[in-house]
1. In nm, what does the list of distances from A:GLY352 to its counterparts in the other copies look like, shortest first, when each label sits 7 Å along Cα to Cβ?
2. With Cβ to Cβ distances under 11 Å as the rule, what net charge do the other residues near B:ALA113 carry (K, R +1; D, E -1)?
3. Which far-off residues, 5 or more places away or on another chain, put their amide H under 5 Å from the one on A:TYR141, with H placed in the peptide plane?
4. Once you have a ≥ b ≥ c as the square roots of the Cα gyration tensor eigenvalues for region D:197-317, tell me rounded if a/c is under 1.5, and otherwise prolate or oblate according to whether a/b is larger than b/c.
5. If you keep only loop residues by DSSP, which GluC sites (Glu not before Pro) in region B:279-352 have at most 12 other Cβ atoms within 10 Å of their Cβ?
6. Report, in degrees rounded to the nearest 10, the 0 to 90 angle that the Cα long axis of helix D:94-103 makes with the longest principal axis of chain D.
7. Going by alpha carbons, how many degrees (0 to 90, nearest 10) lie between the helix axis of B:278-288 and the longest principal axis of chain B?
8. Does anyone have the angle between helix D:28-39 and the longest principal axis of chain D? Alpha-carbon axes, 0 to 90°, nearest 10?
There are 4 protein chains.
Amino acid sequence: MRSRRLSPRSGGRSVSDARVVVAGASGFAGALAASLVHRHPRLELGAATARADAGVRLDRLYPRYRVPVELTALDPDAAGQFDAAIVAYPHGAAAEVVARFVEAGVPVVDVSADFRLDDRAVYEETYGDHGAPELLDDAVYGLTELHRDDVRGSRLVANPGCYPTAAILALAPLAEAGLASDVVISAASGVSGAGRVAGDRFHFVSVDENFTPYGIEGHRHLPEIVQELEGLEEGAGTVPSPDAEPRRRRVTFVPHLVPLDQGLLTSCFVTPSREVEAEELRRLYAERYDGEAFVEVVDDPPGVREVRDTNLCRIHVAVDERTGRAMAFAAIDNLWKGAAGQAIQNLNLMLGMEETDGLL
Amino acid sequence: MRSRRLSPRSGGRSVSDARVVVAGASGFAGALAASLVHRHPRLELGAATARADAGVRLDRLYPRYRVPVELTALDPDAAGQFDAAIVAYPHGAAAEVVARFVEAGVPVVDVSADFRLDDRAVYEETYGDHGAPELLDDAVYGLTELHRDDVRGSRLVANPGCYPTAAILALAPLAEAGLASDVVISAASGVSGAGRVAGDRFHFVSVDENFTPYGIEGHRHLPEIVQELEGLEEGAGTVPSPDAEPRRRRVTFVPHLVPLDQGLLTSCFVTPSREVEAEELRRLYAERYDGEAFVEVVDDPPGVREVRDTNLCRIHVAVDERTGRAMAFAAIDNLWKGAAGQAIQNLNLMLGMEETDGLL
Amino acid sequence: MRSRRLSPRSGGRSVSDARVVVAGASGFAGALAASLVHRHPRLELGAATARADAGVRLDRLYPRYRVPVELTALDPDAAGQFDAAIVAYPHGAAAEVVARFVEAGVPVVDVSADFRLDDRAVYEETYGDHGAPELLDDAVYGLTELHRDDVRGSRLVANPGCYPTAAILALAPLAEAGLASDVVISAASGVSGAGRVAGDRFHFVSVDENFTPYGIEGHRHLPEIVQELEGLEEGAGTVPSPDAEPRRRRVTFVPHLVPLDQGLLTSCFVTPSREVEAEELRRLYAERYDGEAFVEVVDDPPGVREVRDTNLCRIHVAVDERTGRAMAFAAIDNLWKGAAGQAIQNLNLMLGMEETDGLL
Amino acid sequence: MRSRRLSPRSGGRSVSDARVVVAGASGFAGALAASLVHRHPRLELGAATARADAGVRLDRLYPRYRVPVELTALDPDAAGQFDAAIVAYPHGAAAEVVARFVEAGVPVVDVSADFRLDDRAVYEETYGDHGAPELLDDAVYGLTELHRDDVRGSRLVANPGCYPTAAILALAPLAEAGLASDVVISAASGVSGAGRVAGDRFHFVSVDENFTPYGIEGHRHLPEIVQELEGLEEGAGTVPSPDAEPRRRRVTFVPHLVPLDQGLLTSCFVTPSREVEAEELRRLYAERYDGEAFVEVVDDPPGVREVRDTNLCRIHVAVDERTGRAMAFAAIDNLWKGAAGQAIQNLNLMLGMEETDGLL
């Protein structure tokens, strides 16, 4: 990003402040990211790249997004010609591409999992070898509402996974208050969350009229959730006593596949470390998210349809009077707040723009 | 039921062993019950009654079931002309109708909630006034796999709710083993579970591409679940110590609405009272349900599509190695094992037939 | 609309050019219209009115549209306080409300059918008594691409029905060329096309996994289609010879209900009055819709998903080589181009704005 | 099939009359065929074979069918060990397998297209080279209601395609009466009709909330439809005058993909060769299908949900009063009457059983 481009806008939409490349624009998240850049009032879509689909126009693959741009092959040597990059490669394949942009001094949001985990060992246990471990320390975990200031100053933002986004937003106020002793997260996602993957499992006939738990032996989004909840407790100085079980021993996470396209819900059940009242919780959440453009604390349990095609996270918190459990429900659109929308939210901050630009 | 009819069958399908009336056959559960009776090798559909829809043919309302029978108004004075009755009235309205059949000496399966709760006070807190409280003591809770012998000898069986059927089957082995200290049930049901109710909430446009938690302030199926889990612990002599929290303080139950027609899943998360290994759990479940025709303990988490249009309950049990939690997932078809199918299963036993007659 | 408001914009979004009331904003089309006005760069949502739902906030009923406005009761005496009105009342109920706005000198787009048909007799045969027949002559049929100039100068625009919008756009080039001798329109619409109507027919369980023809005895959208096709032939001087069958004798229209929310497709089969080649047809369509912002002539048959949440109409035209039939397929979003989107498109023209304002 | 096996049944279900192999039982149609054989009162599932999935249990792939049988590789040399075969291979691959069974004297129903077309040239134009053209003359087109007697005596039945089954049943009475001069068939099928094919096109996200025409350049089911309609006219002596356009010049067929699993509807629009009244048509259809177990002429346009999981074809016929067109709508389950159900129907006849055995 050259500073000359960050001068105040001279006027109408035709002048952009930054040329952005979206690498991996043929997948679900990448295509939406390209579309959001394309419609963004202050960004220009410099290139949308793809591997197998290079040469195809994006509006052929995703007519609804109406981006009349031909997908090209990524030229890593030309990384420096862009002002910013969004990388939406599969996990594992992203790290090297991200590294090229970082080397070229281009700020990058990585939508993959490659830079989300601070601990390389945990990454490699979960995803396999890491392609650019030297960058792990530089990456900021881009759950914007939690790490806004770090994102602002970062050159490499690791965009959170879809489940972690909803789960952590649902649990953050409890974790910060030191209340999230013991957590069950029962989550559900629409099919686009799995990415543009062929195969029997996501064939219409497999998904239609079905509802299935999966990944119960340990979904790869769990380490992200654990890392961030621990971080919140540490940051707030609310870590339980040293002899308490470590956090990773206290979170159960089970996702389910729902027969719909876009939408993700996390239903969180928390045994708090002390008795809490519904009113206290509601206040806690209202204060924590006061002023947030994309987090709404609502009076009723949210349905995912309410937030479809938006960057919103709607959260409802309640207490199960019988058991004393705190319950927090968070709904997002997995492709927006759970992927491409949050990528733009982060990129806005990195480029010194308004956080909400192009997202309302 | 006259004993003359229970003589051994003389031969083919044309001779039935019992004439059954289905009262309330225009609702989802009642219509399927009528259809199952109609196709049953040893039962005859004596009458299918309805209130608003009397005069309409059942195959007009439910073409797929192909029951070429006109719905009639129920004549309570003629209750005695049938050998058995299935009552599928709404909660509250059922009790009086059930009472008429009981008075006439007709064995009855009540698909409503009216006789499911032993404790009248709990019933009235949950559903309102009870129409025939004098019969509460006579009713058997018809979760067949738990109360088979009682069902066999009963004249009044209260067919369980759909959520309780799946939840209790998922949790029974743990409860009997005294392991179900602390339970979170995150459940999901297709739309037919709500019954044939009009209104915005079940309009196609409200449900499509949506997934929503509901009833979080206390779903009316919770008391059934609590009652049966307590009963299992008492029966097995595995009640926790007297100073432990009562069961009703230890179960959280939250249902969700899924955009599909028939299908129900309960995902149960249990903090066991002592450490358990996955292998121990698998053995526990395999033994508990050994020989059951309609409960299958399976190696993978079940999807509801697998059991659609069947009376099966598929259960998968696992341990979350990180937290030590036991997890049990149970899938049923809410209209079959969760309502009409189980009604037939119970009726078969009450009439001295094979439990599986007409259900395979 | 006061002329003082139509002065050039002084600047940013905060200054609107016109205050618009949406009457009937609790229905599907009205709510989207209110949302489009609310986000429109040059319009202000002056009021959103409803009958049964007055007092409810619009974002309670339709969270996804995020219009934080309370629905109010319509005050007909205050009609004159707005610069423009969109009326989205049910057919029959709209005419009187429209009349009040017209009397008050407020330009109005009527989303109902009340002013679509030139011939009062045809209207009353189709819909019943007309509430303001004296206004029929003043109304312009707002299929924008056909009547752009008339819309621009009109004070009362009758917004077309959803099926007619897609059918007429699909057939217009053929009709204008005098080629549409004999027409079969097999159409399909998502459920939102039926409006926010309760009842068994649009219950999720009735629609899910179903596909049904309906209205085959004569759907009320047929007269609109016939009127416009006749008009096109007359306008182009391509009316068939006087002894030909009248147009209304030559159009068959059958809609089907598809299990989806928003989306409408018309598949049109035309026996042309003379032989035509595919290439000729493609040229005819390309030229006819050249420069249109919202009509795209595409190379493949369009799916409705491609145009969801857009004001686009995608049309594909082909020739069945075996039979010589011309085939034209048009996909729209029934709530956008088929209702609220086109209402804004028309309102933009009536208020002297860019036709695409607030729609891209 | 050895005659010794066709002796009268000695009694209960355990004794089968014929051992049937289903070749290609891992696809949608083959798996249902295996399931129908498995539950059939007079058939035994001798083997269920698959290529890629050999070694997998069928109830792993299709839990809902509950066939606890391991898929095996087909041993062509052992073809003679079965009494009958159902071949559900892909088009092109089936012919050779069918030939092996025919050589071994085993009666076979071929669910593929390989023996449906009398004219080898038309076949090869449509599907490519034919693997066993010498058998084309021996094959009977198994639209049971049209060719019942031929099926009964045949050793090789070509089971019709799903679209042709519904289209021809919808049109047969008109064709036999010489009335089907000019025909438009607008059809729609659920996704299972495409078979168990991976790839973007049938990914849940491609199909969900979509409705798309396809195959408009000439779907491969069209030649079947033409062949049979011509045959009906010839059989009934109602061929139009020699100088009329040949049939293949008079049928337009366009299918659409609907977001559902099982179900197929053909909406047929016929310009009759002379004026017909609705009442005449109703009588014509009622008489033509009088006594048919699987064809129901109904008073309202049928939805596909009504016939799901059944072997029924529901037909509604009407006249468009304005244009004089005859309209016939036929709904089937594409996997049942459109594939595996009709295969059993045919096999029943070939083996001298009741046509409805195992299908009600």
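1. Nearest first, the other copies' label points are 4.1, 9.1, 9.3 nm away.
2. So the surrounding residues net to -1.
3. Placed amide hydrogens put A:ALA158 under 5 Å from A:TYR141.
4. oblate
5. B:GLU321
6. Taking the Cα atoms of chain D, the angle to D:94-103 is about 60 degrees.
7. 30
8. The helix D:28-39 is inclined about 60 degrees to chain D.
The values are calculated or read from the model by the stated rules, or taken from the named source; none is laboratory data. The model shown is predicted, which means the values in this text are computed figures rather than measured ones. Heads up, the Cβs are rebuilt from the backbone with ideal geometry, glycines too, and the neighbour counts pull from every protein chain shown. In case anyone asks, the SASA skips ligands and DNA or RNA and just uses the protein heavy atoms, side chains included. Shrake-Rupley method; radii C 1.70, N 1.55, O 1.52, S 1.80 Å.
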